[in-house]
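S.K.: Take a look at this one; I'll ask things after.
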Amino acid sequence: MMQPMSGSAVERARTFTREIVQPSIDAWEASATYPRDAVRDSGLTGLFVAPADGGLGLSFPQAVDVFEELGRGDAALAFSISMHNAVTTAIAGVGGDALRERWVEPLVSGKELGGFYLTEPHAGSDATAITTRGTRSGDAWTVSGTKAWVTLGGVASALLVVAKTEEEPGHRDVALFVIDADQPGVRFGEPYRKAAADFLPITNLELENATAHLLVPPGQGMGAALGAIDVARFDIAAISNGLHAEALDVAVRYTSERTVFGKPVIAHQGIAWALADVATDLEAARGLTRKAAELLGKDGGPVAVAHAKRFGPDAALRATIQCSETLGAYGWLHDYPLARFMALAKMLQVVDGSAEIQRIVIARDLMRPPSA
Ligand SMILES: Cc1cc2nc3c(=O)[nH]c(=O)nc-3n(C[C@H](O)[C@H](O)[C@H](O)COP(=O)(O)OP(=O)(O)OC[C@H]3O[C@@H](n4cnc5c(N)ncnc54)[C@H](O)[C@@H]3O)c2cc1C
């Protein structure tokens, strides 16, 4: 076991990215292995949990640079760390004594990992269409149903599952449950075949009368899930900025060193202006992300987060395409991260709510009658 990382959260994220992720990502990809021990030792598994519970107690503005640093390494790995932190924060924040006793220390220390599972094979953007069902018997609950897009399927042990508790359609009865993966009623499917991030297992999850512990009671589950998703969207915006910044750095370095027609590639005005536009987009995305961090949990938070989550990944995808172009044929090689980043930027557009869903949140706000 490596020495767990110390220093501020940003220093840990920077060291983790530069000394662990960047040198190892190709090997993790080739072996399709999730870097379980490296994540445990990153010191980034209790970011928002109070220091009294062993966490770092970060505010959202303090977390911006942490996730930006992680995005410079690998956005899919950063997403899995974001998801783990969402689960850890929820259990530490609103879990009852038994849940806290079982999970807080192992999750904060990274000895065990958590996952958040809302999506079902037939229900993605429309979360109200989920059918996974929690059933009560006295004080005990069991959950049955099928979840899709289960990130860390087979790796995470604390499964935070969103489920209905009544037969009627709609979301008024939705509750949040914590399910221990280590029981007979829990089965993970085969890992999906994806465009990138072979090291990150994403599977289906079959729950059959799985023993479950209530985290958020019926009626409050959908609101709590959407609150957690807002934090996740903010994380994604910051991760996206890190990917964008790293792509730009790679392009500037390469085009400053390679000469074409007697001068560095970047000294050709067409290239310099293209990279200038990439830099402007990055500054705009960072501004939106910082505003989202300030407003999260307050009035205007969901809309500010939607702006940042919509703009950041779109801008990052444009940036990876443009930056790769400035490397000519070399942009397409795995010697540089740009081809991988293109696939990851596409993922960031969808994960935790697609760009269209962010536009719906923004447009609804535009249509809201002005308050008196
Ligand atoms: C890498 C990755 C990891 C993920 N991990 C998890 C996880 O761990 N847990 C989890 O719960 N989920 C996870 N997801 C699922 C993710 O949250 C969903 O994919 C996402 O919410 C979109 O759902 P969908 O893919 O089913 O698209 P659909 O909802 O089927 O939408 C299809 C298309 O229609 C668009 N659309 C939908 N509704 C509207 C509308 N009203 N107006 C206009 N356009 C619309 C969408 O934007 C999309 O382009 C993951 C996804 C990815 C890519």
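The values are calculated or read from the model by the stated rules, or taken from the named source; none is laboratory data. Note that the structure is a prediction, hence the values are computed from the model and not measured. Here the Cβ positions follow ideal geometry from the backbone for every residue, glycine too, while neighbour counts run over all protein chains shown.
S.K.: Determine, yes or no, whether Ala163 is part of a strand (DSSP E or B), within 26 Å of Leu348 (Cα to Cα) and more than 10 Å from the ligand (Cβ to nearest atom). Outline the logic, then answer.
M.R.: Working: part of a strand (DSSP E or B): yes; within 26 Å of Leu348 (Cα to Cα): yes; more than 10 Å from the ligand (Cβ to nearest atom): yes.
When the stated conditions are applied, Ala163 passes them.
S.K.: Something else: Output the qualifying pairs, or none if there are none: Cβ atoms under 6 angstrom, residues six or more apart or on different chains, first residue in the range 182-200 and under 15 Å from Pro121 (Cα atoms), second residue more than 12 Å from the ligand (Cβ to nearest atom).
M.R.: Every condition considered, the pairs that remain are Phe188/Gly154.
S.K.: I'd like to check something: does the range 178-195 contain any residue that is closer than 30 Å to Leu338 by Cα, under 19 Å from the mean Cα position of the chain (by Cα) and within 9 Å of the ligand (Cβ to nearest atom)?
M.R.: Yes, the range 178-195 contains at least one residue that is closer than 30 Å to Leu338 by Cα, under 19 Å from the mean Cα position of the chain (by Cα) and within 9 Å of the ligand (Cβ to nearest atom).
S.K.: Being assigned to a helix (DSSP H, G or I) and closer than 22 Å to Glu167 by Cβ is the filter here, so list the residues in the range 182-239 that pass it.
M.R.: Selection gives Gly221, Met222, Gly223, Ala224, Ala225.
S.K.: Kindly evaluate Pro201 against the criterion of being away from the ligand (no atom under 15 Å from the Cβ), on the phi < 0 side of the Ramachandran plot and out of contact with any Leu (no Cβ under 6 Å at 6 or more places or on another chain).
M.R.: No; evaluated as a whole, the condition is false for this residue.
S.K.: Given the structure, is Thr146 modelled with pLDDT under 95 and either part of a loop (DSSP other than H, G, I, E, B) or within 16 Å of the ligand (Cβ to nearest atom) (or both)?
M.R.: No; evaluated as a whole, the condition is false for this residue.
S.K.: Just to be sure I understand, how many residues within the range 143-186 are surrounded by fewer than 16 Cβ atoms within 10 Å (Cβ to Cβ) and of a type outside the set (Gly, Ala, Ser)?
M.R.: Residues in the range 143-186 being surrounded by fewer than 16 Cβ atoms within 10 Å (Cβ to Cβ) and of a type outside the set (Gly, Ala, Ser): 8 in total.
S.K.: Name every residue in the range 302-320 that is without any contact (Cβ under 8 Å) to a residue 40 or more places away in the chain and closer than 13 Å to Asp230 by Cβ, in order of residue number.
M.R.: Ala304
S.K.: Residues of the range 190-239 being closer than 30 Å to Ala13 by Cβ and among the hydroxyl-bearing types (Ser, Thr, Tyr), which ones?
M.R.: Result: Tyr192, Thr203.
S.K.: Of all residues in the range 45-82, which are aliphatic (A, V, I, L, M) and within 16 Å of the ligand (Cβ to nearest atom)? Step through it out loud before you land on a result.
M.R.: Taking the range 45-82 and keeping what is aliphatic (A, V, I, L, M), we get 47, 49-50, 52, 56, 58, 63-64, 66, 70, 75-78, 81.
Once the filter is applied, which keeps residues that are aliphatic (A, V, I, L, M) and within 16 Å of the ligand (Cβ to nearest atom), the range 45-82 yields Leu70, Ala75, Ala76, Leu77, Ala78, Ile81.
S.K.: If you don't mind, another one. State all residues of the range 84-119 that are within 14 Å of the ligand (Cβ to nearest atom), crowded, with 21+ Cβ neighbours inside 10 Å and either acidic (Asp, Glu) or in a loop (DSSP other than H, G, I, E, B) (or both); if no residue qualifies, say none.
M.R.: Leu113, Leu118
S.K.: Scan the range 17-50 residue by residue and report those that are of a type in the set (Phe, Trp, Tyr) and under 19 Å from Ala343 (Cα atoms). Walk me through how you get there before you give the answer.
M.R.: Within the range 17-50, the first condition is being of a type in the set (Phe, Trp, Tyr), and the residues that meet it are 28, 34, 48.
Of everything in the range 17-50, those that are of a type in the set (Phe, Trp, Tyr) and under 19 Å from Ala343 (Cα atoms) turn out to be Trp28, Tyr34.
S.K.: Could I ask something else about it? Just to be sure, is Gly221 among the small types (Gly, Ala, Ser) and touching a Leu at 6+ places or on another chain (Cβ under 6 Å)? Give the steps one after another, and end with the answer.
M.R.: Numbers: among the small types (Gly, Ala, Ser): yes; touching a Leu at 6+ places or on another chain (Cβ under 6 Å): yes.
It is true that Gly221 is among the small types (Gly, Ala, Ser) and touching a Leu at 6+ places or on another chain (Cβ under 6 Å).
S.K.: Let me ask something additional. Criterion first (within 16 Å of the ligand (Cβ to nearest atom), under 23 Å from Arg18 (Cβ atoms) and either aliphatic (A, V, I, L, M) or outside the structural domain of Glu246 (by TED's automatic domain parsing) (or both)) does Leu348 satisfy it?
M.R.: yes
S.K.: Something else about it: Please find, among Ile81, Ile25, the residue that is farther than 27 Å from Phe177 by Cα, assigned to a helix (DSSP H, G or I) and not aromatic (Phe, Trp, Tyr). Write out each step before concluding.
M.R.: Numbers: Ile81 fails: farther than 27 Å from Phe177 by Cα.
Just one listed residue meets the conditions, Ile25.
S.K.: Ok, one more. Which condition does Val305 not pass, out of (1) in a helix (DSSP H, G or I); (2) away from the ligand (no atom under 16 Å from the Cβ); (3) in contact with a Phe, Trp or Tyr (Cβ under 7 Å, 6 or more places away or on another chain), if it passes all the others?
M.R.: Answer for Val305: the failing condition is (2).
Every residue, every condition in (1) of a type in the set (A, V, I, L, M); (2) touching a residue at least 40 places away in the same chain (Cβ under 8 Å); (3) surrounded by 24 or more Cβ atoms within 10 Å (Cβ to Cβ), yes or no:
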| site | (1), (2), (3) |
| --- | --- |
| Ala238 | yes, yes, yes |
| Gly242 | no, yes, yes |
| Glu246 | no, yes, yes |
| Ser256 | no, no, no |
| Leu288 | yes, yes, no |
| Leu296 | yes, yes, no |
| Gly300 | no, no, no |
| Trp332 | no, no, no |
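S.K.: Next up: Within the range 1-25, which residues are of a type in the set (D, E, K, R) and touching a helix residue (DSSP H, G or I) at 6+ places or on another chain (Cβ under 7 Å)? Walk me through how you get there before you give the answer.
M.R.: Pass one, the range 1-25, residues of a type in the set (D, E, K, R): 11-12, 14, 18-19.
Selection gives Arg14 alone.
S.K.: Further question on the same structure: Can you tell me which residue in the range 302-323 is surrounded by the most Cβ atoms within 10 Å (Cβ to Cβ), limited to those that are more than 15 Å from the chain's Cα centre (by Cα) and closer than 16 Å to Lys291 by Cα? Steps first, please.
M.R.: From the range 302-323, those more than 15 Å from the chain's Cα centre (by Cα) are 302-304, 307, 311, 314-323; that's our starting set.
With closer than 16 Å to Lys291 by Cα added as a condition, the list becomes 302-304, 307, 311.
Working: Pro302: 22, Val303: 18, Ala304: 25, His307: 21, Phe311: 20.
Filtering the range 302-323 for residues that are more than 15 Å from the chain's Cα centre (by Cα) and closer than 16 Å to Lys291 by Cα, the one surrounded by the most Cβ atoms within 10 Å (Cβ to Cβ) comes out as Ala304.
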